[in-house]
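Notes follow the structure.
The values are calculated or read from the model by the stated rules, or taken from the named source; none is laboratory data. Bear in mind that the values here come from a model prediction, so they are computed numbers and not experimental data. Neighbour counts run over all protein chains shown; Cβ positions are idealised from the backbone, glycine included.
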Amino acid sequence: MKRTLLSIGVLAASLFAHQAFAQAPDMSLTRIDCGTPAAPTAVNQRFSDTYSLGDLKVLFTYSCYVIKHGDDYLLWDTGQPMNAPKVSIVDQLAKLNLKPEQIKYVGISHYHGDHTGQVASFPKSTLLIGKGDWDGISAPKPAEGIPTAQFASWIKGDSKVEPVPTDKDVFGDGTVMMLYTPGHTPGHHSLLVKLPTMGAVFISGDLMHFHENYDTNGVPWFNYDRAQTLASLDRAKKIVAATKATVIIQHDARDIDKLPAFPAGAK
């Protein structure tokens with residue numbers, strides 16, 4: 001009897017494992033070029049409120065990401081406006097055999113123009129954006145510097161928006177998480193993607209702009225809230241450690257090679 005029950009238990013576990021494997025979504029993460037880098041920039045004056053970066057110069061890059069999850073797609077950030085990138089996001093998606101209407105979600109790390117410049121190309125997508133940032137965009141009189149024109153379709157209600165107050169499990173299975181990391185802006189989010197082969201990948205938004213600031217908890221003088229920034233950096237580092245995630249800093253050109261070159265994607 002015990003042997004029979006053991007056999008049934010082993011069989012059930014085997015079937016469950018097989019079912020879980022069969023249901024695992026086909027996933028990939030692909031970097032898209034979303035802006036033309038300028039010459040290396042001196043960062044001590046603007047990107048460290050303790051002026052601790054000395055003569056460091058950083059080559060800023062502009063990266064967006066397409067996450068495939070089964071038959072659904074999330075586009076993370078939409079880069080600079082089309083007067084800056086050499087090739088639009090829409091044209092790059094075409095090389096992946098994707099049309100704008102196939103993008104189920106457009107996730108925005110924060111409302112700054114170099115992360116939202118081409119969002120208007122995706123009016124059929126549900127916009128996922130931190131509530132604090134959406135409140136700023138949709139306010140009757142937005143503060144100076146907050147972009148609104150590119151969000152017109154969502155502001156008018158012609159397109160669907162989901163303001164995200166904290167974390168969001170995008171596809172409901174824990175594989176793609178918007179993480180609430182405020183400080184740079186009120187509603188800033190980062191992204192955690194758990195790939196079947198590569199493992200976890202932490203995509204920064206502008207929680208940090210380059211490795212030296214991440215390593216030293218540097219805070220740009222123009223951030224919305226210093227204390228929130230430091231708390232978010234602490235949280236991010238603990239999540240990275242717990243998930244053994246690869247950290248990709250969106251503006252740091254040194255991180256581009258952590259993912260396969262376009263049009264290939266990490267699995």
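Figures for the structure shown
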| item | result |
| --- | --- |
| Search result, residues across the range 42-67 that are under 30 Å from Val106 (Cα atoms) and charged (D, E, K, R) | Arg46 |
| Among (1) over 28 Å from Ser52 (Cα atoms); (2) touching a Gly at 6+ places or on another chain (Cβ under 7 Å) - the single one Thr197 does not satisfy | (2) |
| Total residues in the range 209-245, condition touching a strand residue (DSSP E or B) at 6+ places or on another chain (Cβ under 6 Å) and among the small types (Gly, Ala, Ser) | 1 |
| Within the range 39-73, considering residues that are aromatic (Phe, Trp, Tyr) and within 23 Å of the chain's Cα centre (by Cα), the one surrounded by the fewest Cβ atoms within 10 Å (Cβ to Cβ) | Phe60 |
| Residue list for the range 81-100, filter: without any contact (Cβ under 8 Å) to a residue 60 or more places away in the chain and assigned to a helix (DSSP H, G or I) | Ile89, Val90, Asp91, Ala94, Pro100 |
| Qualifying residue in the range 137-152 (condition: modelled with pLDDT of 95 or more, in contact with a His (Cβ under 7 Å, 6 or more places away or on another chain), crowded, with 20+ Cβ neighbours inside 10 Å and of a type outside the set (Phe, Trp, Tyr)) | no |
| Flag for Ile248 being at pLDDT 95 or above, closer than 18 Å to Val58 by Cβ and either under 17 Å from the mean Cα position of the chain (by Cα) or of a type in the set (Ser, Thr, Tyr) (or both) | yes |
| The range 44-80 - residue that is assigned to a strand (DSSP E or B) and among the β-branched types (Val, Ile, Thr) and, of those, nearest to Pro147 (Cα to Cα) | Val66 |
| Scan of the range 165-221 for residues that are without any contact (Cβ under 8 Å) to a residue 12 or more places away in the chain and either in contact with a Lys or Arg (Cβ under 8 Å, 6 or more places away or on another chain) or not in a strand (DSSP E or B) (or both), ordered by number | Gly172, Asp215 |
| Meets criteria (surrounded by fewer than 24 Cβ atoms within 10 Å (Cβ to Cβ), hydroxyl-bearing (Ser, Thr, Tyr) and closer than 13 Å to Leu74 by Cβ) for Thr126 | yes |
| Ala264 vs. criteria of a type outside the set (Ser, Thr, Tyr), over 21 Å from Ile108 (Cα atoms) and part of a loop (DSSP other than H, G, I, E, B) | yes |
